[in-house]
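Visitor: Handing you this structure, nothing more for now.
Read-outs: derived from the displayed coordinates by stated rules, not from any lab. Bear in mind the structure is a predicted one, so any value in this text is a computation, not a measurement. Here Cβ is always computed from backbone atoms with ideal geometry, including for glycine, and neighbour counts include all displayed protein chains.
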Amino acid sequence: MRLPQIKIIDLFYRVYKSWPIFYDGIIQLFSVGQWEKWQDRTFDDLTGKKILEIGVGPGKLLLKMAKKGYSVTGLEFRKGMADEARKRIKAKGYDIDILQQSIYHLPFQNDVFHCIVLTFTMAEISNLDKAISEMKRVLMENGRIIIIAGGMPQDKNIFARILFRMLEQQTLLKLERDNVLYLKQHGFEVTRTDFGPFNMVNKIVAVKK
Ligand SMILES: C[S@@+](CC[C@H](N)C(=O)[O-])C[C@H]1O[C@@H](n2cnc3c(N)ncnc32)[C@H](O)[C@@H]1O
């Protein structure tokens, strides 16, 4: 009899999928308390007013963007997570649309958003071509996709790379996919900046041309 293979990172992932209330704690643990600081890098590149955030999680960044005056819409695939975000945002006195939908079927007309933001969501997207086509459709000309994601350490530190390889074996998340390449193949103009410990976090800004 073959026992199912247990992947340690995916165990944490399953916990927050089932109990969104634990998301903050798990995420702070994995980011050594830097999560929000990394998310906030989004603000350096936001342009225009109409913003769509995909995979809002508990909605912290969505709320911050609303507080800064952006006209925001949230999209979240999981009901539990969408409800948690709605609850927290309402408790702060804000009323923001969070649609429970998948990135693969965006319920919007063509060319409506100035920016689409995804923080730490890309690794969960399995059909990236379909997701990029949908995002491109709803973005205005010169609109931007802004992505913050984790991945292979870029600073060539051998120990960090070995550690990453070990962690990567412990998850089905797509941590090593070349997101830049996919975006370029869809005609976007793309820039990437690496930062964080061992340069293992990256920001991608992709402009629709
Ligand atoms: C790791 S969490 C990141 C949450 C938040 N953006 C943050 O930075 O903390 C990824 C989120 O993306 C959502 N997600 C995964 N696949 C999705 C899809 N196909 N469409 C929309 N949201 C999705 C998950 O439910 C989860 O809430």
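Visitor: Based on the mean of other beta carbon atoms within 10 Å per residue, what is the order of 159-165, 136-142, 197-203, most packed first?
Guide: The peptides rank, most packed first, as 197-203, 136-142, 159-165.
Visitor: May I pose another question? Most exposed first by the Cβ proxy, i.e. fewest other Cβ within 10 Å, how do Met65, Met166 rank?
Guide: Met166, Met65
Visitor: Which of these, Asn110, Asn179, Asn127, has the largest mean-square fluctuation under a Gaussian network model of the chain (Cα springs below 10 Å)?
Guide: Asn127
Visitor: Here's a follow-up. Suppose we keep just the DSSP beta bridges with both residues in region 8-207; what percent of those would be antiparallel, to 5?
Guide: Here the share of antiparallel DSSP bridges comes out near 45 percent.
Visitor: Test of understanding: ordering Lys87, Lys208, Lys50 by Cβ neighbours within 10 Å, fewest first, what list do you get?
Guide: Ordered from fewest to most neighbouring Cβ atoms within 10 Å, Lys87, Lys208, Lys50 come out as Lys87, Lys50, Lys208.
Visitor: Right, something else. Cβ under 14 Å from Leu52's Cβ, Leu52 left aside: what net charge do those residues give with Lys, Arg +1 and Asp, Glu -1?
Guide: +1
Visitor: For region 10-78 and region 147-209, compute the distance between their C-alpha centroids and round to whole Å.
Guide: 18 Å
Visitor: Normalising by the residue count of region 8-207, find the relative contact order in percent from Cα pairs under 8 Å and 6+ residues apart.
Guide: 19 percent
Visitor: About its Cα centre, how strong a charge dipole does region 102-209 have in debye, to the nearest 20, once Lys and Arg get +1 and Asp and Glu get -1 at the Cβ?
Guide: 120 debye
Visitor: Work out how far the C-alpha atoms of the chain reach from end to end along every principal axis, then list the three figures in whole Å, largest first.
Guide: Answer, in whole Å and largest first: 49, 38, 36 Å.
Visitor: Please compare each pair in Lys49/Lys136; Lys37/Lys68; Lys50/Lys184; Lys37/Lys174; Lys7/Lys90 to a cut-off of 26 Å on the Cα-Cα distance and tell me which ones are over it.
Guide: Pairs exceeding 26 Å: Lys7/Lys90.
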